[in-house]
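The values are calculated or read from the model by the stated rules, or taken from the named source; none is laboratory data. Quick caveat, the model's predicted, so the values are computed rather than measured. Positions of Cβ are backbone-derived with ideal geometry, glycine not excepted, and every protein chain shown enters the neighbour counts. These area figures cover heavy atoms from the full protein model, side chains too; ligands, DNA and RNA do not enter into them. Shrake-Rupley method; radii C 1.70, N 1.55, O 1.52, S 1.80 Å.
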Amino acid sequence: DYKYKGIGTNENGTWYLEKGKVGFDYTGTYFEGKRGYIAEDSKVFANVTKNTIEVMKINDIWRMVKNGVVNYNYTGIGTNNLGTWLIENGKVTFKYTGIYNDSTGTYIIENSKVNSDCTKVIKIDNIWRMVINGIVDYNYTGTGTNNFGTWYVENGVVDLKYTGTYYEGDKAHIVEGSKIYVTVNKKTTEVIKINGIWRMIIDGTVDYNYTGI
């Protein structure tokens with residue numbers, strides 16, 4: 001068929017044909033109805049739909065596919081069933097380790113992959129932030145840990161200024177300078193050592209002015 005335009009196969013793979021032949025010069029996505037065929041130099045490497053948004057392996061390179069089309073210039077975050085990835089200039093390099101920030105968020109990256117195992121307090125741009133599953137949570141209020149201890153985080157930040165009790169269910173976290181020194185039941189009334197000093201705790205809260213037994 002000298003006029004054929006579409007997809008054909010042989011023992012060497014699947015191909016895009018135009019005007020009845022494989023030109024070895026087509027790079028793009030050829031759509032047939034809802035099905036799309038991603039080709040480089042006329043060879044098809046992946047099948048997609050018009051709704052496909054995913055990091056995909058195309059000709060041995062992991063690329064960002066949006067709406068079924070490869071974006072060869074894309075820099076940003078993309079996902080697939082293997083995880084969440086940083087794509088640089090159209091491909092996953094597996095070389096970037098560090099912090100990446102864009103309009104979608106701030107990510108902790110290791111070898112171009114978002115470190116989903118990273119849930120802790122990390123210093124980012126000189127501010128201690130709460131990271132959950134490799135992504136900075138700028139709205140988080142609660143407790144977080146790192147190598148230096150356990151901390152009270154408010155609105156995504158450890159400001160190193162908070163002193164008081166943060167209640168979490170039945171737990172009372174006693175905090176000085178945003179560091180949590182003791183966690184007790186919220187009904188606790190007892191003398192407890194806080195930051196090297198023995199203090200009077202009443203209903204889970206330090207009474208810094210207490211005089212008595």
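Net charge around residue 156, counting only other residues with Cβ within less than 14 Å of its Cβ (Lys, Arg = +1; Asp, Glu = -1)?
Values: positive: 120, 123, 129; negative: 125, 137, 154, 159.
For residues surrounding residue 156, the net value is -1.
Whole-Hz Karplus ³J(HN,Hα) for segment 84-89, in order, using 6.51 cos²θ - 1.76 cosθ + 1.60 and θ = phi - 60°, x for Gly and Pro?
Residue by residue, segment 84-89 yields 10, 10, 9, 9, 10, 6 Hz.
Might you work out the accessible area of residue 35 for me, using a 1.4 Å probe with all protein chains in place, and round it to the nearest 10 Å²?
100 Å²
Relative contact order for the chain using alpha-carbon pairs under 8 Å, separation at least 6, rounded to a whole percent?
Reported as a whole number, the value is 8 percent.
What is the Cα centroid distance between segment 158-208 and segment 46-70, reported in whole angstrom?
Using only Cα atoms to place each centre, the spacing works out to 52 Å.
Lysines near residue 120 by alpha-carbon distance under 17 Å, same-chain residues fewer than 8 away left out - which ones?
Straight-distance partners of residue 120: 179.
Would you tell me the accessible area of residue 15, worked out with a 1.4 angstrom probe on the heavy atoms of the protein chains, in Å² to the nearest 10?
Approximately 40 Å² of residue 15 is accessible to the 1.4 Å probe.
Among [x] 1.04; [y] 0.93; [z] 1.29, find the value of Rg/Rh (Cα atoms, Kirkwood Rh) that was calculated from the structure presented, and write down its label.
Checked against the structure: label [z].
Could you check the simple spin-label distance between residue 138 and residue 72, using points 7 Å along Cα→Cβ, in nm with one decimal?
3.4 nm
Ignoring ligands and nucleic acids, what accessible area does residue 117 show with a 1.4 Å probe (Å², nearest 10)?
Answer for residue 117: close to 140 Å² accessible.
How would 103, 112 rank on accessible area, largest to smallest, probe 1.4 Å? Don't jump to the answer; show the numbers that get you there.
On the way: 103 125, 112 0 Å².
Ranked list, largest accessible area first: 103, 112.
Whenever you get a sec, line up 137, 125 from highest to lowest accessible area (probe 1.4 Å, protein heavy atoms).
Putting 137, 125 in descending order of accessible area: 125, 137.
Counting only other residues whose beta carbon sits under 13 Å from that of residue 199, what net charge do I get with K and R as +1, D and E as -1?
-2
How much net charge surrounds residue 106 when only other residues with a Cβ under 12 Å from its Cβ are counted (Lys, Arg +1; Asp, Glu -1)?
Neighbour charge sum, excluding residue 106 itself: -2.
Kindly write out, for segment 135-148 in residue order, the coupling ³J(HN,Hα) from the Karplus curve 6.51 cos²θ - 1.76 cosθ + 1.60 (θ = phi - 60°), rounded to whole Hz, with x marking Gly and Pro.
Running phi through 6.51 cos²θ - 1.76 cosθ + 1.60 with θ = phi - 60° gives 10, 5, 9, 6, 10, 5, 10, x, 10, x, 10, 7, 5, 9 Hz.
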